[in-house]
Amino acid sequence: NIFLFQEVQRLADVLAKVKFMLAQLQLAIKGEVVMTGELQGALDKMAAAAVPHTWTFTPAGDEFSWIMPTLGLWFSSLISRDDQDRSWLNTGRPNCYWMTGWFNPTGFLTAMKQEVTRRHKAEQWALDDMIYHTDVTGMANKEHVRAPAGEGIFVHGLYLDGGAWSKSEKIMVEQEPKKLFQLLPVLLV
């Protein structure tokens with residue numbers, strides 16, 4: 001719950017920044033506020049189907065949201081991230097999580113380890129002694145996951161670069177020619 005709260009806060013910050021800039025752009029186009037260099041730059045980027053710099057980075061140059069090559073992909077990711085957060089808030093934990101949809105996926109995995117450790121409190125499991133174990137499941141996508149994992153989590157949305165997963169042999173194999181990335185099946189972590 002704490003992890004989800006942090007993710008919702010971060011996404012709310014992104015939404016607030018985008019909403020403010022779009023409102024300022026509307027006012028600048030109407031002539032009600034001054035068209036600053038920042039606003040003009042954002043307008044130019046959007047006209048070129050690119051993501052405005054201030055939506056992706058802070059003034060100090062730190063990553064603020066996520067990096068995507070086009071505005072359409074960035075906005076699709078925004079919608080998907082919002083859907084994942086809202087679904088979790090409104091209907092409870094999902095059976096399978098979109099791992100790349102988190103700002104802090106490492107924090108998500110740490111929270112999962114904390115929950116597993118708490119479940120095994122009677123056996124005196126220690127968080128520092130926990131190690132990750134990942135299995136590739138036979139489920140092709142999140143729609144095939146009918147129930148949450150008994151222990152750990154199911155994740156989807158991860159890709160292989162420079163290799164491929166053989167569903168029949170259940171091993172890593174050479175990637176197909178001219179196919180740079182391959183979507184992995186659902187993973188159990």
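General observations
- Cross-link pairs beyond the 26 Å C-alpha cut-off, checked among 19/45; 121/142; 17/45; 19/179: 121/142; 19/179
- Solvent-accessible surface (1.4 Å probe) assigned to residue 125 amounts to roughly 100 Å².
- Karplus-derived HN-Hα couplings along the stretch 98-108 (A = 6.51, B = -1.76, C = 1.60, θ = phi - 60°), whole Hz, x at Gly and Pro: 7, 4, 7, x, 9, 6, 10, x, 5, x, 5
- Using θ = phi - 60° in the Karplus curve 6.51 cos²θ - 1.76 cosθ + 1.60, the 3J(HN,Hα) couplings for the stretch 164-179 round to 8, 10, 8, 5, 6, 8, 6, 9, 6, 9, 4, 6, 5, x, 6, 10 Hz; x is entered for Gly and Pro.
- Here the chain exposes an accessible surface that is 57 percent carbon and sulfur, computed with a 1.4 Å probe and the other protein chains kept in place.
- Under the combined filter of DSSP loop state and at most 15 neighbouring Cβ atoms within 10 Å, the stretch 102-164 retains these GluC sites (Glu not before Pro): 151.
- Relative contact order, percent, the stretch 1-154 [alpha-carbon distance under 8 Å, six or more residues apart]: 19
- The stretch between residue 174 and residue 142, if pulled fully straight at 0.36 nm per residue, gains 9.0 nm over its current Cα-Cα span.
- Exposure ranking of 91, 58 by accessible area [1.4 Å probe, largest first]: 91, 58
- When peptides 126-136, 22-32 are sorted by average Cβ neighbour count within 10 Å, with the highest value leading, the order is 22-32, 126-136.
The values are calculated or read from the model by the stated rules, or taken from the named source; none is laboratory data. Since the model is a prediction, treat every value here as computed from it, not as a measurement. Every residue, glycine among them, receives a Cβ derived from its backbone with ideal geometry; neighbour counts consider all protein chains shown. Heavy atoms of the whole protein, side chains included, go into the accessibility calculation; ligands, DNA and RNA do not. Shrake-Rupley method; radii C 1.70, N 1.55, O 1.52, S 1.80 Å.
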